[in-house]
Every structure is written in C-alpha cells, then in structure tokens.
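*Asks:* Let me give you the structure first, and then I'll get to my questions.
The values are calculated or read from the model by the stated rules, or taken from the named source; none is laboratory data. Source: prediction; values computed, not measured. Neighbour counts are summed over all protein chains in view; Cβ atoms, including those assigned to glycine, are modelled from backbone coordinates with ideal geometry. Side chains included, ligands, DNA and RNA excluded: accessible areas come from the protein's heavy atoms. Shrake-Rupley method; radii C 1.70, N 1.55, O 1.52, S 1.80 Å.
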Amino acid sequence: MKTMLIAGANRGIGREFVRQLGSAGWTVHGTARDDKGLEELRDVCAGVHRLDITNDESISALASELRGVPFDAVFANAGISGDVTLPIDAIGFDEMFRVFNTNTFGPLRLLAALKSNLMAGERRLALGMSSLMSSISSNDWGTQQCYRASKTALNASWRSLSEEWRPDGISCVLLRPGFVKTDMTNNQGMDVETSVSGMISVIETLGLSDSGRVIGYDGKDVAW
Ligand SMILES: NC(=O)c1ccc[n+]([C@@H]2O[C@H](COP(=O)([O-])OP(=O)(O)OC[C@H]3O[C@@H](n4cnc5c(N)ncnc54)[C@H](OP(=O)(O)O)[C@@H]3O)[C@@H](O)[C@H]2O)c1
C-alpha cells in the first residue's frame with residue numbers, strides 16, 4: 001500500500017488529491033491549519049495533522065507526531081496567491097515575505113523536517129506544487145509579481161534539493177496543475193478532477209531520473 005502526506009489538504013487541489021488517492025487505494029495523511037479543516041478531513045484521511053507551513057514550531061510538532069511513520073510521498077501542496085490586485089509600488093515587504101514564506105520556504109522546511117519519513121518509505125518522492133507562472137521564458141504578460149517570483153524561487157530550490165538528495169534515492173519533483181477551478185482562481189479554469197487525475201498519473205510513474213523536473217498535469221515540461 002502506498003502512503004502520502006498532503007500539506008494543505010482541506011480544500012482545492014489538495015482535497016481532490018485526498019479523494020482520488022483514497023479511491024486508488026493509497027493511505028493518505030492530510031494537514032489543515034484550523035479545527036474546521038481538520039474536522040473535514042477526519043473521515044477521509046488515515047491521519048489528520050495540524051500544520052501551518054510558515055511556522056517552524058508547527059513543522060517541528062508535525063515531525064514529532066510523525067516520527068517513525070514511513071511515507072512514499074510527501075506533497076507540499078499548500079500555497080497562496082497573495083494579494084494579486086496590488087500594483088508593484090504597493091507591494092510592501094510584509095506581503096512579499098508572506099507569499100515567499102508560504103510558497104517557497106515552507107515547502108523546503110517541511111520536506112527537510114520529514115526527510116527521515118521519506119527515507120523509510122519505498123518510493124521516496126519529495127513533491128511540491130509549482131505553476132506555469134513560475135516560468136520566466138513564458139512570462140509575456142507580467143502581473144502577480146510575488147506569486148510568480150515565489151514559484152520561480154521554489155523551482156530553483158527544488159532543483160538544488162534534487163541534486164542534494166539524489167544520493168539518498170529521493171526524487172524531488174514539482175508538479176504543475178494547470179489553471180484549475182479552486183478558491184485561488186475564483187473558480188475559473190479546468191475541473192479539479194481532471195487536473196488531479198493527470199497529476200496522479202504522473203506521480204505513479206515518477207522515478208529518480210525525473211528528479212529536478214517540473215511536470216505538468218498533462219505530463220509535459222515547460223521551459224524554465
Ligand atoms: N488553482 C490553480 O489554478 C493553481 C495553478 C497553479 C498552481 N497552483 C498551486 O496549487 C496549490 C493548491 O492551490 P489551490 O488552487 O488548491 O488553492 P486553494 O483552494 O486556495 O487551497 C490552498 C490550500 O493551501 C492551504 N494553505 C495556505 N496557506 C497555508 C499555510 N500557511 N499553512 C498550511 N496550509 C496552507 C490552504 O489552507 P486554508 O484552508 O487553511 O487556507 C488550502 O488547504 C498551491 O500551491 C497553488 O499555488 C494552483
């Protein structure tokens with residue numbers, strides 16, 4: 001039986017991962033930030049854990065709670081868009097830090113804290129959530145300064161991690177969900193079912209030779 005921990009599992013893409021992986025026979029642990037989110041996951045996850053990915057103490061508490069629990073995959077899915085309505089001259093340091101702390105530093109700290117859980121698992125997949133918006137070469141319309149930069153930085157960090165952890169047999173892969181109907185997009189885009197089933201097909205085939213890639217729900221890479 002395959003096991004995955006999904007960070008940010010209570011709604012959106014993470015919630016659909018819980019549903020589809022559960023149906024496919026995976027054992028799924030999910031995280032949420034508050035009581036309401038935890039309650040919503042209780043009946044559908046094998047393990048439910050409180051986590052704020054921006055908070056070091058919260059990450060340490062999760063690592064203690066999960067000590068000795070093997071995972072085939074840990075998926076740092078949690079993310080925020082930030083306030084995308086702000087013009088560049090109104091984006092202050094606090095907003096920049098909030099977005100980077102959630103989208104870039106949080107995933108790295110989470111995976112570092114749970115490395116021993118991955119080492120104890122069979123497939124050893126360190127998964128994060130990228131975006132088409134991370135691609136510098138396909139950015140020909142601007143907008144969403146913080147979000148774009150945070151995901152580009154995530155790509156760079158995951159690529160470094162992939163080299164650092166290759167000797168340990170851990171595959172560090174980022175997924176790209178497409179433009180998906182969730183709260184983040186004000187329910188615009190493709191159905192979450194289609195995006196997630198595509199990403200699960202990708203996950204099923206991942207191996208060490210994929211480490212360092214950013215792979216779309218359609219199985220395709222986008223130029224950095
Ligand atoms: N939707 C798209 O079109 C799209 C496209 C490209 C990439 N993505 C990426 O896909 C991932 C999921 O996005 P989504 O569309 O499913 O968004 P969503 O519906 O807004 O869900 C975001 C999830 O992340 C959690 N989260 C946010 N901040 C957190 C924190 N500090 N600690 C722990 N959990 C936190 C949220 O928990 P709360 O309920 O507590 O807020 C929620 O579970 C994100 O990384 C996003 O950047 C989405």
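*Asks:* Evaluate the range 26-49: report whether one residue or more is modelled with pLDDT of 95 or more, under 18 Å from Trp158 (Cα atoms) and aliphatic (A, V, I, L, M).
*Replies:* Pass one, the range 26-49, residues modelled with pLDDT of 95 or more: 26-49.
When the remaining residues are screened for being under 18 Å from Trp158 (Cα atoms), the result is none.
So far as the range 26-49 goes, no, none of its residues is modelled with pLDDT of 95 or more, under 18 Å from Trp158 (Cα atoms) and aliphatic (A, V, I, L, M).
*Asks:* Please go through the range 162-199 and give me each residue that is more than 8 Å from the ligand (Cβ to nearest atom) and charged (D, E, K, R), ordered by number.
*Replies:* Matches in the range 162-199: Glu163, Glu164, Arg166, Asp168, Asp191, Glu193.
*Asks:* Can you tell me which residues in the range 78-112 are at pLDDT 95 or above, of a type in the set (Gly, Ala, Ser) and open to solvent by 40 Å² or more (accessible area, probe 1.4 Å)?
*Replies:* Across the range 78-112, the qualifying residue is only Ala112.
*Asks:* Turning to a different aspect of this structure: Hey, Arg159 hits all of (1) under 19 Å from Ala112 (Cβ atoms); (2) basic (Lys, Arg); (3) within 12 Å of the ligand (Cβ to nearest atom) but one; which does it fall short on?
*Replies:* Evaluating Arg159 over (1) under 19 Å from Ala112 (Cβ atoms); (2) basic (Lys, Arg); (3) within 12 Å of the ligand (Cβ to nearest atom) leaves (3) as the failure.
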